[in-house]
Each structure stands twice: as structure tokens, then as C-alpha cells.
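Report on one structure; see the data block that follows.
The values are calculated or read from the model by the stated rules, or taken from the named source; none is laboratory data. From a predicted model like this one, the values you see are computed outputs, not experimental measurements. No Cβ is skipped: glycine too gets one built from the backbone with ideal geometry, and neighbour counts run over all protein chains shown.
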Amino acid sequence: MFKFLRKKKSKGQSTLEYAVLIIIVIGALLSIQVYIKRGVQGRLKSATDDIGDQYSPGNTNVRMKTHVISNTRDTFKKGVTNSALLADEVTNTEMNMLILNSIQEFWGNK
């Protein structure tokens, strides 16, 4: 009978040890969760800052000139307006881009 009680005692003791070990691991994970979250947020902010430095709206000037030529016929009968395109529409676009203060611009890692 004493052998049976010793077996049961050691089995209960090992179960208790596993429970304590699991509680310690969970406590450690809960305590470092703030630091892990800060690390992930820091890397995300760094990545977004790198993307944001590529374009500077204050130092970019764009001029765009567009000409559209079309031939249409509009008819109005009994309160209804009809519009028909008689020939293909032609669109010409000219675009000039100028970067101001290019000496002060930052285009990458320091």
C-alpha cells in the first residue's frame, strides 16, 4: 500500500510541477508583451518613415497642359437632348515637372 501511495504522490508532484512551469511561462509572456508590441510598432513606423521620405509635395512643382479636340452634334427635340460624337476625340497632354530646392531634398537613408 505504501508503494501505491508513493506512486500517486510522485504523479501528483509532477503534475503540480508542470502546472507551476506553465504559469511561469504565461507570466513571462504577459510581462514582455509590452516590449514586443513596442518593437513591432517601432519597425512599422521606421518602414512608413522610409516610404514617406520619397515624395515631398512642398518641393515638387508640376505643370500639365491638356488640349482636347472633338467634333459633336447636339440635337434638342421635345425636351430631350441628344449628343453624338462625329469623329474620334484627340487629346494632347504636355507635362513639365520641376523639383525645387533639390539641394535640400532627402532621397534615402542618412
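If I ask for residues that are under 30 Å from M97 (Cα atoms) and exposed (fewer than 10 other Cβ atoms within 10 Å of the Cβ), which ones from the range 64-79 would you list? Of everything in the range 64-79, those that are under 30 Å from M97 (Cα atoms) and exposed (fewer than 10 other Cβ atoms within 10 Å of the Cβ) turn out to be M64, K65, T66, H67, V68. When we screen I36, I32, I51 for residues that are over 30 Å from V90 (Cα atoms), under 29 Å from the mean Cα position of the chain (by Cα), among the aliphatic types (A, V, I, L, M) and at pLDDT below 85, the only hit is I51.
If only residues of the range 80-101 that are loosely packed, with under 10 Cβ neighbours inside 10 Å and not polar (S, T, N, Q) are counted, the one that is modelled with the lowest pLDDT is M97.
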